[in-house]
1. Taking only protein heavy atoms and a 1.4 Å probe, what accessible area per residue, in Å², does segment 306-345 have with all protein chains in place?
2. FRET efficiency for Ser340 and Ile294, Cβ-Cβ distance as r, R0 = 60 Å, nearest 0.05?
3. When only the heavy atoms of the protein chains count and the probe is 1.4 Å, how do His417, His53, His223 rank by accessible area, highest first?
4. Can you sort Glu85, Glu110, Glu128, Glu161 by 1.4 Å-probe accessible area, starting with the largest?
5. Could you let me know the centre-to-centre spacing of segment 224-251 and segment 319-347, using Cα atoms, in angstrom?
6. Quick one: net charge around Val368, please, counting Lys, Arg +1 and Asp, Glu -1 for every other residue with C-beta under 14 Å from its C-beta.
7. So how much accessible area does Met386 have, in Å² to the nearest 10, using a 1.4 Å probe?
8. Quickly work out the Ala21-to-Leu112 label distance, labels modelled 7 Å from Cα along the C-beta direction, and quote it in nm with one decimal.
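The values are calculated or read from the model by the stated rules, or taken from the named source; none is laboratory data. If you're wondering where the values come from, they're calculated on a predicted model, not measured in any experiment. Heads up, the Cβs are rebuilt from the backbone with ideal geometry, glycines too, and the neighbour counts pull from every protein chain shown. Note: areas computed on protein heavy atoms with side chains; ligands, DNA, RNA excluded. Shrake-Rupley method; radii C 1.70, N 1.55, O 1.52, S 1.80 Å.
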Amino acid sequence: MDAENRVVLNVGGIRHETYKATLKKIPATRLSRLTEALANYDPILNEYFFDRHPGVFAQVLNYYRTGKLHYPTDVCGPLFEEELEFWGLDSNQVEPCCWMTYTAHRDTQETLAVLDRLDLDTDKPSDEELARKFGFEDAYFSGNISWWMKTKPKLWSLFDEPYSSQAAKVIGVISVFFICVSILSFCLKTHPDMRVPVIMNVTVLTADNTTAWTLDKKATNAHDAFFYIECVCNTWFTFEILIRFVASPNKFGFIKASVNMIDFIATLSFYVDILLQRFASHLENADILEFFSIIRIMRLFKLTRHSSGLKILIQTFRASAKELTLLVFFLVLGIVIFASLVYYAERIQANPHNDFNSIPLGLWWALVTMTTVGYGDMAPKTYVGMFVGALCALAGVLTIALPVPVIVSNFAMYYSHTQARAKLPKKRRRVLPVEHVRVGPPQPPGPKRGGPNANNRGSGPKMGNSNIKSIQN
């Protein structure tokens, strides 16, 4: 009677034996609907054969027995999900003790998806991929590719993908050179030794009521050499951005990219600056307009096209936005609290040299103290104020130190996956589809063979209602 209630399951060559009632505990699953009419039932060996992963099935069967689904640590997450889907189980039933380990692959898949969007792959795409990317796939398959369709991807690779060819590397080096020269010129022209004084004649009245001429320094301007350097650099930047815009596969996506917007505004600011110097230099406070030329320093972000490390760093800050927001919130909270405390603490005792005449002044002191900068321009003089200052410094160290490991972990995760992708073989071996073996007419069944060696067999295709097995003696 007990033998009739037992069922033998052969999964990947490993035999499992359990009760039919155990498999009925979780209805609407593959194992709860086992019948002898199924094609994978072997009447000779009296067992069901499934060509699935045996390690995962051990946990699946244990789930039927105990009602608790655990995750095997020696199996990849996607494989575990595929096996659960085959057996008809829900992956959300994984126990809490294994949930974090099980869901780690989802974070990995999200990271790989982000790296795909960052376009860090330096492999040369095929002609079909280029046609699909630039939107002339139909013309490619029909063979009607024009001269511009062939030239456009080459121009785009030449100016936007520095590692696609030797010529693209040369263009990339030239672009980096002009960026560095432009930034260096922008910084050096503010140095006093690099500026030329503007001298003007001034008429003055002497003591004996006569007029005299004198020379007076009105202002200082940057040397003319810097203007010519900027003209050459911005000529290259204008040429580069026009070529990249014309050859871009997606014009709207090109304009929407933040790096391209910075490049466009920085280049435009140079021409606006020339117009202002030509037509608005006589206006008062015209020098304030030069402040907007600071946007040119943002050209440093163009280096992200030439460095995958900078792309990963920027993506790290994006991924750590919640932690950075939390850091700023706690800093602001601590700054307001300690600025108020030190203001009233310095007023408790007699303090003729009190630096904290208002709470807004205390905000600057609290910010400098919590960020461990400590300029020393403001300091508490009383014992109560010193105690508040000590608490402010300790709170700042703890507040800043807590989110830093998360940011470092995100950077390490992106960087490690980038290195792993770079080392992967570019051409992966594909699994061929299974070819069914042609078999002869069905043979009469032989004697039953059991034992531990009975599972070492090959299974052929089923023909009609007959079951054909080749059994090794």
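1. 57 Å²
2. Computed FRET efficiency for Ser340 and Ile294: 0.95.
3. These residues rank, largest area first, as His223, His53, His417.
4. Result, largest first: Glu85, Glu110, Glu128, Glu161.
5. For segment 224-251 versus segment 319-347, the Cα centre distance is 44 Å.
6. With Lys, Arg at +1 and Asp, Glu at -1, the neighbours total -2.
7. 100 Å²
8. Roughly 4.5 nm, to one decimal.
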